[in-house]
Amino acid sequence: MKYNIPRGTFDILPEDSYKWQFLQDSFRKMATCFGYEEITTPIFEVAELFERSSGESSDVVQKEMYRFQDKKGREFALRPEGTAPVVRSYVENHLDKLSSRTKLFYLGPMFRYDRPQAGRYRQFYQYGIEFIGSNNPYYDAEVIAVAFLWLNKLGLNNLRLEINSVGCPDCSAVYDKALQEYYRPFLPKLCPDCVKRLETNPRRLLDCKVPSCIEFRKNAPSQMDYLDEPCKKHFSAVCDYLQAMNIPYTINPRIVRGLDYYTNTAFEIIYEGLGAQNSLVGGGRYNGLVEQIGGKSIPAIGFAGGFERLLLALEEEKIELIPPSKPDAYLVCVGDNTRLQILPYLNALRTKGLIVDYDPDKSSLKAQLKSAASSGAKYAIIIGENELATKTVNLKNLQTGEQIAIPMDEEYTINKMKN
Ligand SMILES: [Zn+2]
Ligand SMILES: [Zn+2]
């Protein structure tokens, strides 16, 4: 019997693991510098959480969610996104009691039953932040800055930040009416999905990928023209903050988030050169969500991005991430007696944090020195019967060829290697 990996998933093999570790560490550092703290939630939640937050009619819930029953018949789902679980935890653990402003970030796999294609998988790894507790437009800009400046720091320069305001429930209702009026005469020419959406969620028509529908989009009314005063003010303040932060942006009135709880600011960070799947980060304000899933009415904003697509972008830009460390030393051990006796010394070196390579299968000095050279280690530590008897080792610098005898003592060895 031979087993294959499930479709739409992939193994991160040892040769690539460092890239993932690098991105995780680097994102952690950036988010921490902005005052965000890590939160880790389970990979599955009760299915209703996502139905509530994403809307039962959404594609995510209808077609893409991995749903299952446990042995007691309870309905669970593998998380398709990170925001609802974080907000669930925020409400459940009363995080608002600790501070009126809660700054959280997360890293981890999400799951969607989607058609696999370049940069899109059924299990995908997301990074994101959530700011909960204020409607101050400064935080809209701060959240955007964390994503934009981090991607920039990784070396991606051809980024385009696109922002929009989707308004508040008041003004988006007016806008929805205007959209319905605009699209109604074209009803016979719209795709079946859009015909359905026109009554339930007209803003999604702007998002349709069917070519004939895209045609009608050009002259559709813009959300920008329908914002009420508070929403207009909020949006222009966000723009001012971005300008002050030297973060360039373009206004794209067609950014409509796929989920229903978004209000005011919506944004995407686009990397040109990835074809149709060019959005690296998507986010926005979701002032309605905390209350919708059982908390108080508390404003919030966040973003999420995927590592898979980010890695494609870094590859496209030929950006090398810092590769894993080579071994510090290679232990060369000659003589049957020594094999057993060097073990306490070897373990001591490794537990003190030294990366030590050792191969008990190779017996000749020559073969071991050859392996030492090809391992990339800076030093070879050579021990034979004579060294064992005098409790010494030969420390050989593999770059200069210089060799010295030192006591067989882990502290001494490490100090010598550092100097
Ligand atoms: Zn409004
Ligand atoms: Zn359509």
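The values are calculated or read from the model by the stated rules, or taken from the named source; none is laboratory data. These numbers were taken from a predicted model, which means no experiment stands behind them. Neighbour counts run over all protein chains shown; Cβ positions are idealised from the backbone, glycine included. Quick note on the areas: whole protein, heavy atoms, side chains included, nothing else; ligands and nucleic acids left out. Shrake-Rupley method; radii C 1.70, N 1.55, O 1.52, S 1.80 Å.
Quick look at the numbers
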{"read-out": "Relative contact order of the chain, defined on C-alpha pairs under 8 angstrom at six or more residues apart (%)", "value": "15"}
{"read-out": "Charge context of residue 351, other residues only, Cβ under 15 angstrom, K/R +1, D/E -1", "value": "-2"}
{"read-out": "Accessible surface of segment 329-418 [probe 1.4 Å, protein heavy atoms]: carbon and sulfur percent", "value": "50"}
{"read-out": "Within segment 329-418, percent of DSSP bridges classed antiparallel, to nearest 5", "value": "55"}
{"read-out": "Dimensions in Å of segment 77-148 - Rg and Dmax from alpha carbons", "value": "14.5, 43"}
{"read-out": "Among beta bridges that DSSP assigns inside the chain, antiparallel share in %, nearest 5", "value": "80"}
{"read-out": "Taking only Cα atoms of segment 2-65, radius of gyration then Dmax in Å", "value": "17.0, 48"}
{"read-out": "Compactness index (Cα Rg / 2.2 N^0.38 Å), segment 243-298", "value": "1.39"}
{"read-out": "Distance-filtered residues of segment 370-411 - backbone nitrogen under 16 Å, label point 7 angstrom along residue 336 Cα→Cβ", "value": "385"}
{"read-out": "Helical contribution to [θ] at 222 nm, DSSP H n ≥ 4, -39,500 (n - 2.57), averaged over the chain, rounded to 500", "value": "-11000 deg cm²/dmol"}
{"read-out": "Mean separation of Cα contacts under 8 Å, 6 or more apart, over the residue count of segment 329-418: relative contact order %", "value": "31"}
{"read-out": "For segment 1-115, the spread of Cα positions along each principal axis, largest first, Å", "value": "52, 40, 26"}
{"read-out": "Under-22-angstrom lysine pairs by C-alpha in segment 329-418, whenever the two are 8 or more apart or on separate chains", "value": "19"}
{"read-out": "Cα-based Rg and Dmax for segment 329-418, where Dmax is the largest Cα-Cα distance (Å)", "value": "11.7, 30"}
{"read-out": "Relative counts (whole %) of C-alpha pair distances in segment 251-374, using bins that are 5 Å wide", "value": "2, 8, 12, 11, 8, 6, 6, 6, 7, 7, 8, 7, 6, 4, 1, 0"}
{"read-out": "For segment 23-62 versus segment 76-147, the gap between their alpha-carbon centres in whole angstrom", "value": "3"}
{"read-out": "Förster radius 60 Å - calculated FRET efficiency between residue 70 and residue 415 (Cβ-Cβ, nearest 0.05)", "value": "0.60"}
{"read-out": "Net lengthening on full extension, residue 363/residue 229 (0.36 nm per residue, minus Cα-Cα)", "value": "40.2 nm"}
{"read-out": "Solvent-accessible heavy-atom area per residue, rounded to whole Å², over segment 97-245 at 1.4 Å", "value": "48"}
{"read-out": "Whole-Å semi-axes of the ellipsoid equivalent to the chain (Cα gyration tensor, √5λ, descending)", "value": "55, 23, 21"}
{"read-out": "Eligible aspartates and glutamates near residue 218 by straight Cα distance, threshold 17 Å, same-chain separation 8 or greater", "value": "176, 181, 207"}
{"read-out": "Backbone HN-Hα couplings from phi across segment 267-282 [Karplus 6.51/-1.76/1.60, Hz, Gly and Pro as x]", "value": "8, 9, 10, 9, 10, 5, x, 10, x, 5, 8, 9, 8, 8, 9, x"}
{"read-out": "Estimated distance in nm for a label pair at residue 400 and residue 149, the labels positioned 7 Å out from Cα along Cα-to-Cβ", "value": "4.2"}
